[in-house]
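The values are calculated or read from the model by the stated rules, or taken from the named source; none is laboratory data. Since the model is a prediction, treat every value here as computed from it, not as a measurement. All Cβ positions, glycine included, derive from the backbone under ideal geometry; neighbour counts span all protein chains shown.
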Amino acid sequence: MNYKKNNPIDIVITWVDGSDNFLIKKRKNYLKSNLNYIPPGAQPTRFSSLNEINYCLISILKFASFVRKIFIVTDEQTPSIHEIVKKYYPKRISDIEIIDHKHIFRDYEDFLPTFNSICISNMLWRIEGLSDHFVYFNDDVFITRKILPEVWFKKARPVLRGNWVFPPFERLIWDKFRINYHKLRFGKNKEKTPSFQINQWNAAQLLKFKFRYLKSSHTPLAIDKKVLENYFTNNKKILKENLKFRFRNYKQYNTVALANHLEYKTGNKNLSKSQAVYMRPYNRGEKYITRKFKQCEKNQNNLFLCIQSLDLATQKEQQLIFKKLNSLLDIQIN
């Protein structure tokens, strides 16, 4: 099948430069008056950028050449990508488009500004010109070898990446205990730390799943735009309830988990593992980094790599990671 013509696949990358003074000031305006307190969903590492997006983009253009367009969603920012793309893939420059939050939040401007990746992902289906089939990326995720469209879509439906697991009862009980202990000892409430796991379970519960849920990991995630569009168009109250949080919150539901469970309820059985190597280099050392890259190289089933919180790694560790990414993609950046 010619996916570019018959059923094109687009990619959407959410991106933020947390070092931008304008954004820092904007973010502080929405924090509590006591700036010594930073809520769990507003930690600086959530907004950091070391130009990983350049590697993310090149990995897509190199290993997934069938992709039609790449949309980069930002908040009044423009990533420095033009020169890199022009150098290595000049014919694809016109296929990359910057989308501002104001565009996807049109008619929902009361919820802007937002510093919440969950809220942003809730609205990605509203990008004008977006294909019905798209893949959601964060800028810290990379493709590590050549892939085919069937990695993301089979028989015109998304591949659902994850594992069926029991509800996270242990985490729920532990969180409740910590909150009660904090209130008993200090006499005030403590905000629960947002959890990727809990946010996915919240989505499953929303759709009446009781005994299990499809837990995804940090990997590119395929979505049918129409599925989200239909759900949110008919459930605007549920959408607005999620959008009200400026920063990521424990109570929210994860967008991709919502889409995945909607897919499953309507008969989609395209289930797959994450096929991603997960790396969190902070305080792990160079041997850990080397081992993770070897996993990408040696195991043909590993198609993706996620490098989270790279900003917390030492400069030496960062340089090693960039060197290995350069080698993997046959480019020279940094």
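For the reader, a short list of remarks on this structure follows.
- Within segment 65-79, residues that are without any contact (Cβ under 8 Å) to a residue 12 or more places away in the chain reach partners that are among the basic types (Lys, Arg) with beta carbons closer than 9 Å, at six or more positions or on different chains, in the pairs 65/92; 65/146.
- Qualifying residue in segment 192-206 (condition: surrounded by 15 or more Cβ atoms within 10 Å (Cβ to Cβ), among the small types (Gly, Ala, Ser) and at pLDDT 95 or above): yes
- Looking across segment 70-83 at every residue that is touching a Phe, Trp or Tyr at 6+ places or on another chain (Cβ under 9 Å) and either part of a loop (DSSP other than H, G, I, E, B) or of a type outside the set (S, T, N, Q) (or both), the one that is nearest to residue 149 (Cα to Cα) is identified as 70.
- Strands (runs of 3 or more DSSP E) (entirely within segment 118-177) containing at least 3 residues that are at pLDDT 95 or above and buried (at least 16 other Cβ atoms within 10 Å of the Cβ): 133-138, 141-143
- Some residue of segment 220-231 being in a loop (DSSP other than H, G, I, E, B), under 21 Å from residue 9 (Cβ atoms) and in contact (Cβ under 8 Å) with a residue 12 or more places away in the chain: yes
- Residue check for residue 246: over 18 Å from the mean Cα position of the chain (by Cα) and more than 16 Å from residue 215 (Cα to Cα): no
- Residues of segment 260-274 satisfying the condition of being assigned to a loop (DSSP other than H, G, I, E, B), of a type outside the set (Ser, Thr, Tyr) and in contact (Cβ under 8 Å) with a residue 40 or more places away in the chain: 268, 270, 273
- Residues of segment 84-117 classified as outside any helix (DSSP H, G or I) and either of a type in the set (Lys, Arg) or at positive phi (or both), total: 2
- Any hit, segment 275-295, residues being over 23 Å from residue 221 (Cβ atoms), among the hydrophobic types (A, V, I, L, M, F, W, C), modelled with pLDDT of 95 or more and not in a loop (DSSP other than H, G, I, E, B): yes
- Residues that are over 11 Å from residue 256 (Cβ atoms) and either in a helix (DSSP H, G or I) or free of Cβ contacts under 8 Å to residues at least 40 places away in the same chain (or both) were ranked within segment 196-209; the one that is nearest to the chain's Cα centre (by Cα) is 197.
- Restricting attention to segment 296-314, the residues that are touching a strand residue (DSSP E or B) at 6+ places or on another chain (Cβ under 9 Å), under 16 Å from residue 329 (Cα atoms) and either part of a strand (DSSP E or B) or free of Cβ contacts under 8 Å to residues at least 40 places away in the same chain (or both) total 4.
- Checking residue 1 against (1) closer than 19 Å to residue 117 by Cα; (2) surrounded by fewer than 16 Cβ atoms within 10 Å (Cβ to Cβ); (3) at pLDDT below 90, the condition it does not meet: (1)
- If you go through segment 315-334 and pick out every residue that is in a loop (DSSP other than H, G, I, E, B), surrounded by fewer than 16 Cβ atoms within 10 Å (Cβ to Cβ) and at pLDDT 95 or above, you end up with 1.
- You will find that of 332, 318, 300, the residue that is out of contact with any helix residue (DSSP H, G or I) (no Cβ under 8 Å at 6 or more places or on another chain), of a type in the set (S, T, N, Q) and over 27 Å from residue 31 (Cβ atoms) is 300 and no other.
- For segment 57-69, taking the residues that are outside any helix (DSSP H, G or I) and in contact with a strand residue (DSSP E or B) (Cβ under 9 Å, 6 or more places away or on another chain), the one that is surrounded by the fewest Cβ atoms within 10 Å (Cβ to Cβ) is identified as 66.
- Checking each residue in segment 285-316 for being more than 23 Å from the chain's Cα centre (by Cα) and among the charged types (D, E, K, R) picks out 286, 287, 291, 294, 297, 298, 316.
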